[in-house]
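Notes to accompany the following structure.
The values are calculated or read from the model by the stated rules, or taken from the named source; none is laboratory data. Since we're looking at a predicted model, the values are computed, not measured. So basically every Cβ, Gly included, is an ideal-geometry build from the backbone, and we count neighbours across all protein chains shown.
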Amino acid sequence: MLHVNLRVQKYRDALRMAGLRPVQIWVPDTRTPDFAQECRRQCRLVAQADMADQNMQTFMNEALADVDGWTA
(Lines give C-alpha, C1' and ligand atoms only; values in the text may rest on other atoms or scores of the structure.)
Protein backbone atom coordinates (compact mmCIF):
# COMPACT_ATOMS: atom_id res chain seq x y z
CA MET A 1 0.00 0.00 0.00
CA LEU A 2 2.89 2.34 0.70
CA HIS A 3 4.02 2.03 -2.92
CA VAL A 4 0.60 3.12 -4.18
CA ASN A 5 0.52 6.07 -1.78
CA LEU A 6 3.96 7.18 -2.96
CA ARG A 7 2.92 6.93 -6.61
CA VAL A 8 -0.24 8.97 -5.96
CA GLN A 9 1.75 11.58 -4.06
CA LYS A 10 4.26 11.89 -6.92
CA TYR A 11 1.38 12.31 -9.37
CA ARG A 12 -0.24 15.01 -7.23
CA ASP A 13 3.09 16.78 -6.79
CA ALA A 14 3.60 16.79 -10.56
CA LEU A 15 0.16 18.31 -11.06
CA ARG A 16 0.92 21.00 -8.50
CA MET A 17 4.23 21.73 -10.24
CA ALA A 18 2.22 22.18 -13.45
CA GLY A 19 0.24 24.91 -11.72
CA LEU A 20 -2.85 22.89 -10.85
CA ARG A 21 -4.53 22.49 -7.50
CA PRO A 22 -6.97 19.91 -6.18
CA VAL A 23 -10.61 20.80 -5.62
CA GLN A 24 -13.49 18.86 -4.14
CA ILE A 25 -16.67 18.62 -6.19
CA TRP A 26 -19.95 17.30 -4.85
CA VAL A 27 -22.15 15.62 -7.43
CA PRO A 28 -25.60 14.02 -7.25
CA ASP A 29 -25.67 10.45 -5.99
CA THR A 30 -26.69 8.39 -9.01
CA ARG A 31 -27.57 5.46 -6.73
CA THR A 32 -30.56 7.17 -5.12
CA PRO A 33 -33.97 5.84 -6.14
CA ASP A 34 -35.22 9.18 -7.49
CA PHE A 35 -32.11 10.08 -9.52
CA ALA A 36 -33.43 8.86 -12.90
CA GLN A 37 -36.80 10.51 -12.33
CA GLU A 38 -35.13 13.83 -11.51
CA CYS A 39 -32.95 13.56 -14.62
CA ARG A 40 -36.02 13.02 -16.78
CA ARG A 41 -37.78 15.98 -15.14
CA GLN A 42 -34.85 18.31 -15.74
CA CYS A 43 -34.38 17.08 -19.32
CA ARG A 44 -38.03 17.78 -20.09
CA LEU A 45 -37.70 21.31 -18.71
CA VAL A 46 -34.59 21.97 -20.79
CA ALA A 47 -36.19 20.55 -23.93
CA GLN A 48 -39.28 22.70 -23.43
CA ALA A 49 -37.16 25.80 -22.91
CA ASP A 50 -35.07 25.03 -25.99
CA MET A 51 -38.13 24.57 -28.19
CA ALA A 52 -39.51 27.90 -27.00
CA ASP A 53 -36.29 29.85 -27.63
CA GLN A 54 -35.28 30.00 -31.30
CA ASN A 55 -32.43 32.41 -30.50
CA MET A 56 -30.89 29.81 -28.20
CA GLN A 57 -31.10 27.15 -30.91
CA THR A 58 -29.41 29.49 -33.39
CA PHE A 59 -26.71 30.30 -30.83
CA MET A 60 -26.07 26.61 -30.09
CA ASN A 61 -25.84 25.75 -33.80
CA GLU A 62 -23.35 28.57 -34.35
CA ALA A 63 -21.32 27.54 -31.30
CA LEU A 64 -21.22 23.93 -32.51
CA ALA A 65 -20.02 25.04 -35.93
CA ASP A 66 -17.24 27.04 -34.27
CA VAL A 67 -15.51 24.07 -32.56
CA ASP A 68 -13.92 22.65 -35.70
CA GLY A 69 -10.20 22.27 -35.19
CA TRP A 70 -10.28 22.56 -31.38
CA THR A 71 -8.81 19.10 -30.93
CA ALA A 72 -5.75 17.60 -32.48
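Structure values in brief
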| quantity | calculated |
| --- | --- |
| Residue check for Arg12: without any contact (Cβ under 8 Å) to a residue 24 or more places away in the chain and either surrounded by 10 or more Cβ atoms within 10 Å (Cβ to Cβ) or of a type in the set (S, T, N, Q) (or both) | yes |
| Positions within segment 31-54 being among the β-branched types (Val, Ile, Thr) and either touching a His at 6+ places or on another chain (Cβ under 9 Å) or modelled with pLDDT of 95 or more (or both), in sequence order | Thr32 |
| Residue within segment 51-71 that is out of contact with any strand residue (DSSP E or B) (no Cβ under 9 Å at 6 or more places or on another chain), small (Gly, Ala, Ser) and surrounded by 10 or more Cβ atoms within 10 Å (Cβ to Cβ) present | no |
| Selected residue (criterion: farthest from the chain's Cα centre (by Cα)) from residues of segment 1-59 that are among the aromatic types (Phe, Trp, Tyr) and assigned to a helix (DSSP H, G or I) | Tyr11 |
